[in-house]
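The values are calculated or read from the model by the stated rules, or taken from the named source; none is laboratory data. Small disclaimer: the values here were computed from a predicted structure and weren't measured. In this analysis, Cβ positions are derived from the backbone assuming ideal geometry, glycine residues included, and neighbour counts consider all displayed protein chains. Only protein heavy atoms, including side chains, enter the accessible area calculation; ligands, DNA and RNA are left aside. Shrake-Rupley method; radii C 1.70, N 1.55, O 1.52, S 1.80 Å.
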Amino acid sequence: MTFALTLDKTRIAVVGLGYVGLPLAAALGREFPTLGFDIDAERVAQLQSGHDATGEIDAAELAAATRLRYSADPASLRDANVYIIAVPTPVTPHKWPDLSPLIAASETVGRVMASGALVIYESTVYPGATEEVCVPALQNASGLKLNDDLFCGYSPERVNPGTTLFCDGQSSTPLRAGDKVTITRAAHDVQLYDNPHSNPWQALAEKLHWALGPNYNHNDEEE
């Protein structure tokens, strides 16, 4: 199956409304149909009332996201076709990364996602975790196959908690994906909040060159 999602048909769900997910959801929700999903129902109710207790987003920024809605019901994720997972990645008492929130989020998305969906991971993980941990969880929960009827990318968050000096729209975002078609399409979604006026090819040249190597030529990209 060829990745065929276009921007005009993009319906986004941001999973995890912490210091990474909420600003991202608000930025996307100014322009595109966006669902902000969190398993914490109290957090969702708070945001629905127009207040962010963490102070990452003020009331005016929340109000400006006119196309953003919130839910703690996993069934609401069925409407999306682009999932951006931004859940926490804490460490265990022994200083090992605790990927249980990431696995749980992957399974939640996998149970409701349809064929052809794109999943982008924003959570900070060690090299290889997307392919070795996240993708298997998605495939097992969904019954879909990577780069066949499931597409996946990795775009590590670039947020400094507690400061607005470098925030979405002001920082570069590297991106990695399972194949060149997916990375091109995912670049469109990254550009929605990174720089809405940039050409996706420019994003590939400036930000994704490291991921595919110096021999990557976007003119060979499938349409």
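Numbers at a glance
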read-out: Any chance F37 is within 13 Å of the chain's Cα centre (by Cα), more than 20 Å from V133 (Cα to Cα) and aromatic (F, W, Y); value: yes
read-out: Hits in the stretch 93-123 (condition: open to solvent by 40 Å² or more (accessible area, probe 1.4 Å) and out of contact with any Pro (no Cβ under 6 Å at 6 or more places or on another chain)); value: P93, H94, K95, W96, P97, S100, I103, A104, E107, R111, A114, S115
read-out: Members of the stretch 100-139 found to be part of a helix (DSSP H, G or I), small (G, A, S) and over 29 Å from L7 (Cβ atoms), listed by number; value: S100, A104
read-out: Index of the failed condition, D149 passing every other in (1) open to solvent by less than 60 Å² (accessible area, probe 1.4 Å); (2) under 23 Å from G21 (Cβ atoms); value: (2)
read-out: Failed condition for Y19, given (1) among the aromatic types (F, W, Y); (2) modelled with pLDDT of 95 or more; (3) out of contact with any strand residue (DSSP E or B) (no Cβ under 9 Å at 6 or more places or on another chain); value: (2)
read-out: Of all residues making up the stretch 72-89, the number that are in contact with a Phe, Trp or Tyr (Cβ under 8 Å, 6 or more places away or on another chain), open to solvent by 20 Å² or more (accessible area, probe 1.4 Å) and not small (G, A, S); value: 1
read-out: Single unsatisfied condition, A65 versus (1) in contact (Cβ under 8 Å) with a residue 24 or more places away in the chain; (2) in contact with an Asp or Glu (Cβ under 7 Å, 6 or more places away or on another chain); value: (2)
read-out: Residue that is more than 15 Å from I12 (Cα to Cα), at pLDDT below 90 and surrounded by fewer than 24 Cβ atoms within 10 Å (Cβ to Cβ), where the choices are G128, G143; value: G128
read-out: Count - residues of the stretch 1-47 that are of a type in the set (G, A, S), closer than 17 Å to V87 by Cα and surrounded by fewer than 23 Cβ atoms within 10 Å (Cβ to Cβ); value: 2
read-out: Filtered residues of the stretch 48-71 (kept if in contact with a Leu (Cβ under 9 Å, 6 or more places away or on another chain), open to solvent by less than 80 Å² (accessible area, probe 1.4 Å) and more than 19 Å from V20 (Cβ to Cβ)); value: G50
read-out: Options D73, D58, D40: the member that is closer than 16 Å to A13 by Cα, without any contact (Cβ under 8 Å) to a residue 24 or more places away in the chain and charged (D, E, K, R); value: D73
